[in-house]
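Okay, so here's the structure we're looking at.
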Amino acid sequence: MKLDSLDKLFEHELEDLLDAEQQLLEALPKMASAAGSKELKDAFNAHLKETKTHVTRLEKAFKSLGKSPKSVTCKGMQGLIKEGEDVIKNATDQAVMDAGLIGAAQRVEHYEIAAYGTARAHAQTLGHTEIFDLLQTTLDEEGMANKKLTQLAEGRINIRGANEKALA
Amino acid sequence: MAEKIESIDDLFVHDLRDIHSAEEQLIAALRKMAAAADAPELSEAFTRHLEQTTDHRQRVEQALAELDASVGDEVCEGVQGLIAEAEESMSAIQSGPVLDAALIDAARKVEHYEITAYRSALSRAHELGHDAVASLLETNLQEEELTDFRLQKLAEGMMPYSGPGSDPRDDGSEVMLGRPATADSDLR
């Protein structure tokens, strides 16, 4: 598709986001089962539920444009999820795994924050107020999810213990 | 990434190698983005960030040397995907304001990636007591944050919209320590 107007760019951004959320729906259960800390597992499971809602909101956004929901492969998210999979494959210690998973998940959240922030701004420019609200609600939830991950990282999930064990 | 990550130290070295690959990929991408940008101020912003990115790569190399670790052959798949998106835009959109908007979006996604990666590496450097490495990472982090802010301002000047947050502290992420206090005045 040639993107020769802001309308088309906006539609393309929604298609990209829909694919990103769908990829995340598949990745989060794997991340939850790889996580060792109960808090981290809970955080991934809670975000999985939210992610389902995010998909629904994007579908509503398409409807509001009079279009049927469509997606294009979001290569950005593909790469970010691959990084998470690498951590799962290569971390041999549970606390290191958790620290790596938090890092991977925060990269995903930042991607989404940037993407929703931009799409929201374009919705505003184009006067799509209903879509603006949908995107803003999701953006707020992504921001909260990122904050939660930062708190978990700072709580440190017994990372010092992991190092001592590795040195022993 | 083939090596096993057995400790937080391993994870730290792994993350630094990942960032090194990200910076290297970005050097190649920024050249293309500078050439594709229509607005002269956007093209200049990319060229300026290209120069900084060359410094960033060098600082990461210093950091790895400080840890007696090689640069390795890690490929940062996250940034690879983000750059692929920018390339898609460059091939799907004709030169002009729409492409400029898409390039700014793509560049800001990369900046957000790097800001997250540097923040997390920086807190690990502090935790592991690598002060010299921490100070190298902090310099890079501040420049990335400032770049994101400059791109934001450019976007606001070019089109009647603003990207994630109208202020660098309002990007939905954590307020962090060591944010450049000069960010606002620098731009006014």
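The values are calculated or read from the model by the stated rules, or taken from the named source; none is laboratory data. Values in this document were obtained by computation on a predicted structure and should not be read as measured data. Methodologically, a virtual Cβ is constructed for each residue, glycine included, from the backbone with ideal geometry; neighbour enumeration extends over all protein chains shown.
Quick look at the numbers
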quantity: Unique match (being part of a helix (DSSP H, G or I) and under 16 Å from B:Tyr118 (Cα atoms)) among B:Glu87, B:Glu24, B:Glu41; calculated: B:Glu24
quantity: Long-range neighbours under 7 Å by Cβ, at least six apart or interchain, first residue on the phi > 0 side of the Ramachandran plot within the range A:32-53, second surrounded by 16 or more Cβ atoms within 10 Å (Cβ to Cβ) and part of a loop (DSSP other than H, G, I, E, B); calculated: none
quantity: Some residue of the range A:33-45 being closer than 30 Å to A:Thr92 by Cβ, in a helix (DSSP H, G or I) and within 14 Å of chain B (Cβ to nearest Cβ); calculated: yes
quantity: Residues located in the range A:127-144, provided they are surrounded by 19 or more Cβ atoms within 10 Å (Cβ to Cβ) and either at pLDDT below 95 or facing chain B (nearest Cβ under 9 Å) (or both); calculated: A:Leu139, A:Glu142, A:Gly143
quantity: Residues within the range B:21-46 that are among the hydroxyl-bearing types (Ser, Thr, Tyr) and more than 17 Å from B:Met90 (Cα to Cα), tallied; calculated: 1
quantity: Residue in the range B:74-87 that is more than 11 Å from chain A (Cβ to nearest Cβ) and of a type outside the set (Asp, Glu) present; calculated: no
quantity: Qualifying residues in the range A:76-93 (those that are more than 21 Å from A:Asn146 (Cα to Cα) and not in a loop (DSSP other than H, G, I, E, B)) - the one farthest from the other protein chains (Cβ to nearest Cβ); calculated: A:Lys89
quantity: Odd one out for B:Ala117 among (1) of a type in the set (Gly, Ala, Ser); (2) within 13 Å of chain A (Cβ to nearest Cβ); (3) surrounded by fewer than 24 Cβ atoms within 10 Å (Cβ to Cβ); calculated: (3)
quantity: Members of the range B:19-38 that are buried (at least 19 other Cβ atoms within 10 Å of the Cβ) and either of a type in the set (Val, Ile, Thr) or modelled with pLDDT under 95 (or both); calculated: B:Ile19
quantity: Residues of the range A:75-94 satisfying the condition of being buried (at least 23 other Cβ atoms within 10 Å of the Cβ), out of contact with any strand residue (DSSP E or B) (no Cβ under 6 Å at 6 or more places or on another chain) and more than 15 Å from A:Glu26 (Cα to Cα); calculated: A:Gly76, A:Val87, A:Asp93
quantity: Test: residue in the range B:126-140 that is in contact with a helix residue (DSSP H, G or I) (Cβ under 9 Å, 6 or more places away or on another chain), within 20 Å of A:Ala119 (Cα to Cα) and free of Cβ contacts under 8 Å to residues at least 24 places away in the same chain; calculated: no
quantity: Hey, B:Thr139 surrounded by 22 or more Cβ atoms within 10 Å (Cβ to Cβ), in a helix (DSSP H, G or I), of a type in the set (S, T, N, Q) and in contact with a His (Cβ under 9 Å, 6 or more places away or on another chain) or not; calculated: no
quantity: Selection status of A:Ala105, surrounded by 24 or more Cβ atoms within 10 Å (Cβ to Cβ) and at pLDDT 95 or above; calculated: yes
quantity: Close pairs (9 angstrom Cβ cut-off, 6 or more residues apart or separate chains): under 15 Å from B:Leu136 (Cα atoms) in the range B:53-76, basic (Lys, Arg) anywhere; calculated: B:Val60/B:Arg17; B:Leu64/B:Arg17
quantity: Boolean, B:Ile5 is under 14 Å from the mean Cα position of the chain (by Cα), within 14 Å of chain A (Cβ to nearest Cβ) and surrounded by 21 or more Cβ atoms within 10 Å (Cβ to Cβ); calculated: no
quantity: B:Leu99 vs. criteria under 24 Å from B:Thr54 (Cβ atoms), out of contact with any Cys (no Cβ under 6 Å at 6 or more places or on another chain) and of a type in the set (A, V, I, L, M, F, W, C); calculated: no
quantity: The range A:108-126 - residue that is surrounded by fewer than 24 Cβ atoms within 10 Å (Cβ to Cβ) and of a type in the set (S, T, N, Q) and, of those, nearest to the other protein chains (Cβ to nearest Cβ); calculated: A:Thr125
quantity: Failed condition for B:Val71, given (1) touching a helix residue (DSSP H, G or I) at 6+ places or on another chain (Cβ under 6 Å); (2) of a type in the set (A, V, I, L, M, F, W, C); (3) part of a helix (DSSP H, G or I); calculated: (3)
